[in-house]
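Chemist: My structure is below; once you've seen it, I'll send some questions.
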Amino acid sequence: MSSPNISNHFKSIKPSSIRAAQIAFLNRLDDVKAINASTGNVSLPMHPAMKERMFSLNSAESPFVDGIVKYSQTVGFEETNKAFLNIIASSGFGTDGLYSQITDGGSQAMELVLLGVTDVGAGPILMIDPAYTNYKAMAKRTQRDIVSFPRDLDDDGKFSLPEINAIEEVIKKHNPSALVVIPYDNPTGHYYSHSDLIEIAKICVKHNMWMISDEAYRELNYTDDDASSIWKLSAYEVPGIEGRRISIETASKVWNACGLRIGAIVTDSEEFHKKSVAENTANLCSNVIGQYIFGALANESHEDLQKWYSDQRNHYQNVMSELKGDLVAELPGIIVSSPDSSIYTVVDFKNIAKPGFDSAEFVLWCASEGKVDVDGEDMTFLASPMASFYNTTDGESNPGSTQVRIAFVLNEEETKLIPPIFAELFRQYEAKA
Ligand SMILES: Cc1ncc(COP(=O)(O)O)c(C=O)c1O
């Protein structure tokens with residue numbers, strides 16, 4: 001009997017390269033433990049106010065005490081939207097004239113935003129390579145086009161933006177509808193300061209593009225600069241910026257609630273907001289228990305939230321600087337991107353690997369075959385290969401083919417194991433090549 005056809009879209013889909021190592025590891029039959037730094041799956045507890053709500057869902061104050069779990073309005077609970085605006089305000093940015101809508105995490109926010117800023121076959125979305133892979137996946141799902149301009153990883157571990165002229169060449173050629181910037185960047189750890197965002201915003205105004213800022217890691221910067229944000233830009237600094245700004249917000253990273261699946265779209269365009277909520281009526285509403293838990297942050301003082309940011313920063317900064325130092329000591333000659341923000345770094349083997357080294361194959365080998373004996377226990381390491389973070393066309397060389405991304409999400413004990421295990425896996429892999 002013949003079976004029904006699946007769509008060409010489904011036929012062409014592969015799991016995100018970020019998840020590839022985990023999937024290969026799950027198929028493994030030998031007894032090996034994986035140190036998994038391939039995804040940004042934060043392993044710290046949520047903010048105490050959120051924990052308190054979660055642990056008292058059956059208390060008298062809880063809307064769920066009777067066991068009734070109704071839909072909310074599509075835009076989300078008023079309190080949850082206030083929580084997102086309170087967080088923006090806690091970083092010192094004005095929130096008058098901003099509209100907020102709750103989504104199922106930043107991921108769904110990305111999909112809705114792509115639907116709203118351009119049409120199928122119309123002006124593409126402009127990204128800055130290497131770029132968070134899920135934008136490409138969402139663009140494929142919604143049939144929106146993506147173009148990009150590159151950043152280069154210098155030997156000192158810094159990513160640098162091209163000259164404005166080179167960016168404008170790409171814009172003139174492709175006439176994009178919107179630009180996406182991730183100021184606290186995934187995957188690079190690159191930090192876009194306020195002055196960087198001003199330059200990017202000016203380009204958006206000049207070429208009449210939406211400016212989309214994915215602020216999933218806002219406040220997680222480890223430089224001396226203050227927190228940057230699309231919401232810090234003033235009309236005085238960038239005339240014409242108002243009414244074209246969209247930020248993508250999430251409970252996942254700064255608030256340690258990846259599994260809560262709560263995010264938001266914040267914009268200063270009333271029309272975009274209304275239409276985006278209208279589009280999302282098809283999804284009815286986001287998880288109401290998650291909304292209630294996150295809503296606790298509507299009532300937290302800015303002082304308290306600032307203290308939280310500072311604790312988060314201290315935690316990640318310590319983990320990062322130790323890990324970077326140990327990686328370079330174990331594998332002299334590798335480049336570890338300067339972790340100035342977010343929770344990721346890019347490691348580049350280009351100066352030490354044999355010709356033909358392919359990081360995607362190396363990562364798959366680590367997941368499916370590679371192992372290192374650590375005090376009598378076999379262990380391996382999972383990272384994320386970088387090639388798919390670059391929007392290169394066939395025939396172009398892909399800088400990601402010698403790079404992997406590491407997420408700083410493991411506990412101290414596991415983090416310490418990363419450099420020796422990763423270095424030994426690399427030596428074994430190169431020895432057999
Ligand atoms: C820059 C960025 N935006 C959005 C997301 C999506 O997060 P979520 O859907 O969990 O809110 C991530 C997740 O890693 C991210 O790194």
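Chemist: Within segment 147-169, can you find the residues that are β-branched (Val, Ile, Thr) and open to solvent by 40 Å² or more (accessible area, probe 1.4 Å)?
Modeler: Result: 164, single match.
Chemist: Still on this structure, please answer the following. Could you list, in sequence order, the residues of segment 223-242 that are in a loop (DSSP other than H, G, I, E, B), under 20 Å from residue 188 (Cβ atoms) and at pLDDT 95 or above?
Modeler: Those that are in a loop (DSSP other than H, G, I, E, B), under 20 Å from residue 188 (Cβ atoms) and at pLDDT 95 or above: 227, 228, 229.
Chemist: Another question about this same structure. Go through (1) more than 14 Å from the ligand (Cβ to nearest atom); (2) in contact with a His (Cβ under 9 Å, 6 or more places away or on another chain); (3) not hydrophobic (A, V, I, L, M, F, W, C) and name the single condition residue 184 misses.
Modeler: Going through (1) more than 14 Å from the ligand (Cβ to nearest atom); (2) in contact with a His (Cβ under 9 Å, 6 or more places away or on another chain); (3) not hydrophobic (A, V, I, L, M, F, W, C) one by one, residue 184 breaks only (1).
Chemist: Could you check, for segment 193-209, whether at least one of its residues is of a type in the set (Asp, Glu) and open to solvent by 10 Å² or more (accessible area, probe 1.4 Å)?
Modeler: Checked against the condition, which is being of a type in the set (Asp, Glu) and open to solvent by 10 Å² or more (accessible area, probe 1.4 Å), segment 193-209 yields at least one hit.
Chemist: Name the single residue that is nearest to residue 292 (Cα to Cα) among those in segment 89-106 being within 16 Å of the ligand (Cβ to nearest atom) and touching a helix residue (DSSP H, G or I) at 6+ places or on another chain (Cβ under 6 Å).
Modeler: Going through the qualifying residues, I end up with 102.
Chemist: I would also like to ask the following. Open to solvent by 10 Å² or more (accessible area, probe 1.4 Å), among the hydroxyl-bearing types (Ser, Thr, Tyr), away from the ligand (no atom under 16 Å from the Cβ) and not in a loop (DSSP other than H, G, I, E, B) - does that describe any residue in segment 351-373?
Modeler: Yes, segment 351-373 contains at least one residue that is open to solvent by 10 Å² or more (accessible area, probe 1.4 Å), among the hydroxyl-bearing types (Ser, Thr, Tyr), away from the ligand (no atom under 16 Å from the Cβ) and not in a loop (DSSP other than H, G, I, E, B).
Chemist: Restricting attention to segment 15-27, does a residue exist that is of a type in the set (D, E, K, R), modelled with pLDDT under 95 and not in a helix (DSSP H, G or I)?
Modeler: Looking through segment 15-27, none of the residues is of a type in the set (D, E, K, R), modelled with pLDDT under 95 and not in a helix (DSSP H, G or I).
Chemist: Are any residues in segment 260-312 surrounded by 13 or more Cβ atoms within 10 Å (Cβ to Cβ), of a type in the set (A, V, I, L, M) and in a helix (DSSP H, G or I), and if so, which ones?
Modeler: 260, 277, 288, 289, 293, 296, 297, 298, 305
Chemist: Restricting to segment 372-403, give me the number of residues that are among the hydroxyl-bearing types (Ser, Thr, Tyr) and touching a Lys or Arg at 6+ places or on another chain (Cβ under 7 Å).
Modeler: Within segment 372-403, residues that are among the hydroxyl-bearing types (Ser, Thr, Tyr) and touching a Lys or Arg at 6+ places or on another chain (Cβ under 7 Å) number 3.
Chemist: For the condition over 19 Å from residue 300 (Cα atoms) and in contact with a strand residue (DSSP E or B) (Cβ under 6 Å, 6 or more places away or on another chain), what is the one hit in 69, 75?
Modeler: After ruling out the rest, the residue left standing is 75.
Chemist: Taking into account only those residues within segment 243-259 that are part of a loop (DSSP other than H, G, I, E, B) and within 16 Å of the ligand (Cβ to nearest atom), which is surrounded by the fewest Cβ atoms within 10 Å (Cβ to Cβ)?
Modeler: So the residue we want is 256.
Chemist: How many of the residues in segment 374-395 are assigned to a loop (DSSP other than H, G, I, E, B) and either more than 22 Å from residue 343 (Cβ to Cβ) or touching an Asp or Glu at 6+ places or on another chain (Cβ under 6 Å) (or both)?
Modeler: 8
The values are calculated or read from the model by the stated rules, or taken from the named source; none is laboratory data. Only a predicted model underlies this, so the values are computations on that prediction, with no experimental measurement involved. Please note: Cβ atoms are built from the backbone with ideal geometry, for glycine as well, and neighbour counts cover all protein chains shown. These accessible areas exclude ligands, DNA and RNA; they are computed on the full protein's heavy atoms, side chains included. Shrake-Rupley method; radii C 1.70, N 1.55, O 1.52, S 1.80 Å.
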